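The values are calculated or read from the model by the stated rules, or taken from the named source; none is laboratory data. Since the model is a prediction, treat every value here as computed from it, not as a measurement. Here the Cβ is made from the backbone with ideal geometry for all residues, glycine too, and neighbour counts use every protein chain on show. Areas reflect the complete protein model, heavy atoms only, side chains present, ligands, DNA and RNA absent. Shrake-Rupley method; radii C 1.70, N 1.55, O 1.52, S 1.80 Å.
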Amino acid sequence: MNVIEAIKKRHSYRGKYKNISVPRKDLQMIMGAGLEAPSGCNKQTTSLICVDDPEILKKITSVIEPPVAETAPALICVLTQRICAYRDKCYSVQDYSAAIENMLLAIVELGYQSCWYEGHITDEDRICDKIASILNVPDDYDLVCILPVGIAEDEPTLPKKKDFSERCWFNSFK
């Protein structure tokens, strides 16, 4: 599969996962793809924790309400450090977003599925802080996203996309 095929095949998967573990070599490849993402002023603000221990996974999924990723055999937790990079600007959101997209594409390339869960865990109830506590994340890092990783039990539902001409133009808006 080439990168364009992976982009077209990648869709958020919110279903159940098969009870098949993800080999560490695949998880390392996925995380490595994330770390290869561009980073504003090369500050490299994104860090990752992969959880594949069933007991730790159980602790994490027990604090996620409403539940998501309960059957995933692995979970990649995305951390960021909010470091000023240039003219008092922080590019951590751009950094971790690029890393997440790289990982989502690598996940599809390797035959797995995932979903980018951010708002669900970072809103008012601060599930991210509970997960960070379970994983002993230092206070100068923010846990901003979780990516479940596994083999989908069902086929992903493909969303209807707007036509290219409704969202893309040349030389001027519309």
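Residue-level check: of (1) within 18 Å of Leu143 (Cα to Cα); (2) in contact with a helix residue (DSSP H, G or I) (Cβ under 7 Å, 6 or more places away or on another chain); (3) open to solvent by 70 Å² or more (accessible area, probe 1.4 Å), Ser62 misses just (2).
Which of the residues spanning region 134-143 are among the charged types (D, E, K, R), in a loop (DSSP other than H, G, I, E, B) and touching a residue at least 12 places away in the same chain (Cβ under 8 Å)? Don't jump to the end; show me each part of the working.
As a first pass, look at region 134-143 and keep what is among the charged types (D, E, K, R): 139-140, 142.
Now restrict to residues that are in a loop (DSSP other than H, G, I, E, B): 139-140.
Within region 134-143, just Asp140 meets the criteria.
Scan region 81-108 residue by residue and report those that are more than 16 Å from Ala33 (Cα to Cα) and surrounded by fewer than 20 Cβ atoms within 10 Å (Cβ to Cβ). If the condition is that a residue be more than 16 Å from Ala33 (Cα to Cα) and surrounded by fewer than 20 Cβ atoms within 10 Å (Cβ to Cβ), then Gln81, Arg82, Ile83, Cys84, Ala85, Tyr86, Arg87, Asp88, Lys89, Cys90, Val93 are the ones that fit. The single condition among (1) more than 22 Å from Asp53 (Cβ to Cβ); (2) of a type outside the set (Lys, Arg); (3) crowded, with 18+ Cβ neighbours inside 10 Å that Gly119 does not satisfy is (3). Which residues, counting only those in region 22-58, are open to solvent by less than 90 Å² (accessible area, probe 1.4 Å), of a type outside the set (D, E, K, R), farther than 26 Å from Asp139 by Cα and out of contact with any Gly (no Cβ under 8 Å at 6 or more places or on another chain)? Passing the criteria: only Pro23.
State whether one or more residues within region 158-166 are out of contact with any Pro (no Cβ under 9 Å at 6 or more places or on another chain), aromatic (Phe, Trp, Tyr) and under 23 Å from Gly15 (Cα atoms). Working first, answer last.
Kept after step one, since they are out of contact with any Pro (no Cβ under 9 Å at 6 or more places or on another chain), are these residues of region 158-166: 158-166.
With the extra rule that they be aromatic (Phe, Trp, Tyr), the set shrinks to 164.
Filter once more, so that each one left must be under 23 Å from Gly15 (Cα atoms): none.
No, because not a single residue in region 158-166 is out of contact with any Pro (no Cβ under 9 Å at 6 or more places or on another chain), aromatic (Phe, Trp, Tyr) and under 23 Å from Gly15 (Cα atoms).
Tallying residues that are open to solvent by 100 Å² or more (accessible area, probe 1.4 Å) and part of a strand (DSSP E or B) within region 144-174 yields 0.
Which of the residues belonging to region 118-174 are of a type in the set (Val, Ile, Thr) and either out of contact with any His (no Cβ under 9 Å at 6 or more places or on another chain) or closer than 24 Å to Tyr96 by Cβ (or both)?
From region 118-174, those of a type in the set (Val, Ile, Thr) are 121-122, 127, 131, 134, 137, 144, 146, 149, 151, 157; that's our starting set.
Within region 118-174, Ile121, Thr122, Ile127, Ile131, Ile134, Val137, Val144, Ile146, Val149, Ile151 meet the criteria.
State yes or no: is Ala74 open to solvent by 20 Å² or more (accessible area, probe 1.4 Å), small (Gly, Ala, Ser) and in contact with a Pro (Cβ under 9 Å, 6 or more places away or on another chain)? Spelling it out, it is not the case that Ala74 is open to solvent by 20 Å² or more (accessible area, probe 1.4 Å), small (Gly, Ala, Ser) and in contact with a Pro (Cβ under 9 Å, 6 or more places away or on another chain). All conditions but one from (1) more than 17 Å from the chain's Cα centre (by Cα); (2) open to solvent by less than 80 Å² (accessible area, probe 1.4 Å) apply to Tyr17; the one that does not is (1).
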